[in-house]
1. How would you rank 32, 146, going from fewest to most other Cβ atoms within 10 Å of each one's own Cβ?
2. Rounded, prolate or oblate: pick one for segment 111-206, where a ≥ b ≥ c are the square roots of the eigenvalues of its C-alpha gyration tensor, a/c under 1.5 means rounded, and failing that, prolate if a/b is larger than b/c, else oblate.
3. Measure off 7 Å from each Cα along the Cα-to-Cβ vector at residue 28 and residue 184, then give the distance between these two points in nanometres to one decimal.
4. Within segment 105-146, find all residues whose amide N lies under 14 Å from a label point positioned 7 Å from the Cα of residue 38 along Cα-to-beta-carbon.
5. When a footprinting reagent is the concern and you count Cβ atoms within 10 Å, what order do 83, 166, 62 take, fewest first?
6. Roughly how many Å is it from the Cα centre of segment 40-58 to that of segment 174-196, as a whole number?
7. How much length would be gained if the chain were fully extended between residue 131 and residue 20, taking 0.36 nm per residue of separation minus their Cα-Cα distance, in nm to one decimal?
8. Which ordering of 81, 107, 179 is given by a fewest-first count of other beta-carbon atoms within 10 Å?
């Protein structure tokens with residue numbers, strides 16, 4: 001029997017332009033194998049792993065658009081999907097938000113170890129730590145910091161820098177216009193590919 005859980009939670013305003021709202025949701029993750037995050041208005045995503053059998057999703061919002069933005073969290077079988085949802089007034093999305101400079105939404109996620117994770121965002125920076133089966137990031141404006149990190153990874157950024165602290169990994173890294181710093185030699189079981197257009201890439205051995 002396929003279990004589908006769909007939860008939509010909104011960040012509510014209290015009337016002040018700079019009021020704050022925190023929200024936490026916890027989900028059973030005993031069967032979780034994959035996590036997909038597709039969010040275009042989240043400014044920062046913190047993701048960490050532990051020996052838990054739960055997924056904890058916490059949001060922290062500041063600004064005037066509490067009633068206009070939501071996160072949709074769906075769990076179907078072994079896959080969880082987190083996406084951002086705008087109401088019709090903000091279908092232009094981030095262009096309107098950035099013009100006002102008074103909105104910020106951050107997300108912190110704790111998940112079990114050895115999960116496949118894919119994150120795509122046009123503005124978010126990702127700060128991660130822990131042990132992953134695999135991690136794939138596609139970031140347009142944000143940076144990536146993984147410290148410490150263990151697992152396979154494919155990290156792509158356009159403007160943002162990449163910082164990685166790891167061991168037991170083969171590193172393939174390339175930046176078109178940024179600086180590249182990788183310790184030599186760094187070899188191991190896991191495969192990690194780092195690519196950026198304008199961002200610097202730095203890898204350290206931990």
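Every read-out reported here was derived from the displayed coordinates using simple, explicitly stated rules and does not represent laboratory data. None of these values were measured; they are calculated from a predicted model. Cβ coordinates were reconstructed from backbone atoms using ideal geometry, including for glycine residues, and neighbour counts include every protein chain displayed.
1. Exposure proxy ranking, most exposed first: 32, 146.
2. oblate
3. About 5.3 nm, to one decimal.
4. 118-122, 138
5. So the residues, fewest neighbours to most, are 83, 62, 166.
6. 25 Å
7. 36.8 nm
8. Ascending number of Cβ neighbours within 10 Å: 179, 81, 107.
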